[in-house]
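Report on one structure; see the data block that follows.
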Amino acid sequence: MNEPTRVLVTGHNGYLGSVMVPVLQAAGYEVVGLDMGYFRACTLGTDNTSVPEITKDLRAIESPDLQGFDAVIHLAALSNDPIGNLNADWTRQINADGTVRLATMAKAAGVRRFLFSSSCIMYGMSEAAVVDETAPLAPQTEYARSKAVAEEALRALADDRFSPVYCRNGTVYGLSPRMRFDTVLNNFMGSAFTTGRVEVHSDGTPWRPVVHVQDVARYFKLMLEAPLQDIHNEAFNMGVESLNLQVSEIAEIAVEAVPGAQLTMTPKPGADQRTYKADFSKFSRTFPDFEFQWTARMRAQELYEAFRSIALTFEDFTDKRFTRLRWLDHLLKAGMLDDQLRWRTAQPRVA
Ligand SMILES: NC(=O)c1ccc[n+]([C@@H]2O[C@H](COP(=O)([O-])OP(=O)(O)OC[C@H]3O[C@@H](n4cnc5c(N)ncnc54)[C@H](O)[C@@H]3O)[C@@H](O)[C@H]2O)c1
């Protein structure tokens, strides 16, 4: 392992973070997590990861929180479009303003490398055949806008002491101890497994780059170790051409992985027609030795086996714990979060 060695991972209790932290720890990194803990209780199976953690809101980060780190991997966010529709202010304040606050304090504390978990979703309804990192952004939702605003603000902080990197992910799939069934392939697989059906409500043509959660963990580790001159203030579409799939193909993969499952396509007005086919050539040019280990087909099979081994039920699949918006809604209605999405009850600050 090269420098850096001490890494702050924000959002470590989320879907990606719960997979990434053990990968970094196994590689010898000293990891500290920082998370508001919204989804700490939302486990599918058990999470045996043990990591020193700071339970804190991004919006309340202070400079001492950032002391002594070589790098920050910034995953914490309200992580999908429907939450942005519920309350645009929260998404803006956490995803954009919270990111700027975190980065400003990281820079002041001498943190050199800041890996921002961004999204290809910012390309929106691109008419271009493929979108590379130079394509104009056309964010269609508050979530997508918050990522675009954050990237722009981080660019203004970049200098010879501070290197932000914009890791634009596709839609992530695969098993995590903090499972999400509100992303496309996970949702189709859960549906195929527990109901024997996959229903596509669009015409199936939109493109979605997908990427396996283990590969995401591996390429963030790669970014920790990459020479700074290769990544300083650069955006990367993180993925590989073979994982640019149309929604109909993703549905077929799910149906094929589950014996007897059937696909129905019933386009509805107002269906999600966002489409973006990402060009991944910059990533492969910069990191020619990195291999994406998981094809969607292989990993749909993995999900099938995993669901069998835990005997996933329809109740699990549709449980609010695995749909980010529904879980936050539950915490709000139960009075556990206030109207600023802050805990009403004290949470342990450092474990
Ligand atoms: N999962 C995907 O398909 C995908 C695709 C592209 C980009 N991303 C980005 O990757 C990151 C991780 O995604 P994920 O799927 O793990 O999301 P997630 O919702 O599972 O995890 C996000 C974590 O951030 C924490 N968080 C939210 N607001 C916070 C705040 N104010 N202060 C501190 N912590 C807070 C949550 O508690 C949660 O643990 C996000 O930035 C997301 O936008 C994810």
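The values are calculated or read from the model by the stated rules, or taken from the named source; none is laboratory data. No experiment lies behind these values; they were computed from the predicted model shown. Here the Cβ is made from the backbone with ideal geometry for all residues, glycine too, and neighbour counts use every protein chain on show.
Brief remarks follow.
- Considering the conditions (1) more than 10 Å from the ligand (Cβ to nearest atom); (2) surrounded by 24 or more Cβ atoms within 10 Å (Cβ to Cβ), LEU157 is excluded by exactly one of them, (2).
- Those residues of the range 80-101 which are within 10 Å of the ligand (Cβ to nearest atom) and of a type in the set (S, T, N, Q), in sequence order: ASN80, THR91, GLN93, ASN95, THR99
- Some residue of the range 166-185 being away from the ligand (no atom under 11 Å from the Cβ), without any contact (Cβ under 8 Å) to a residue 60 or more places away in the chain and either among the hydroxyl-bearing types (Ser, Thr, Tyr) or closer than 25 Å to ASP70 by Cβ (or both): no
- Residue check, GLY45 touching a His at 6+ places or on another chain (Cβ under 6 Å) and more than 6 Å from the ligand (Cβ to nearest atom): no
- Qualifying residue in the range 215-224 (condition: modelled with pLDDT under 95, within 22 Å of ASN186 (Cβ to Cβ) and of a type in the set (Gly, Ala, Ser)): no
- Lone qualifier among SER50, SER63 - being away from the ligand (no atom under 12 Å from the Cβ), surrounded by fewer than 22 Cβ atoms within 10 Å (Cβ to Cβ) and over 23 Å from LEU154 (Cα atoms): SER50
- Within the range 14-38, residues that are part of a helix (DSSP H, G or I) have Cβ atoms under 6 Å from residues that are small (Gly, Ala, Ser) in these pairs: TYR15/SER176; GLY17/GLY11; SER18/SER176; VAL19/SER176; VAL19/ALA217; MET20/ALA217; VAL23/ALA217, counting only partners at least 6 apart in sequence or on another chain.
- Residue count for the range 1-31, restricted to those that are closer than 13 Å to LEU75 by Cα and either in contact with a Leu (Cβ under 9 Å, 6 or more places away or on another chain) or within 9 Å of the ligand (Cβ to nearest atom) (or both): 14
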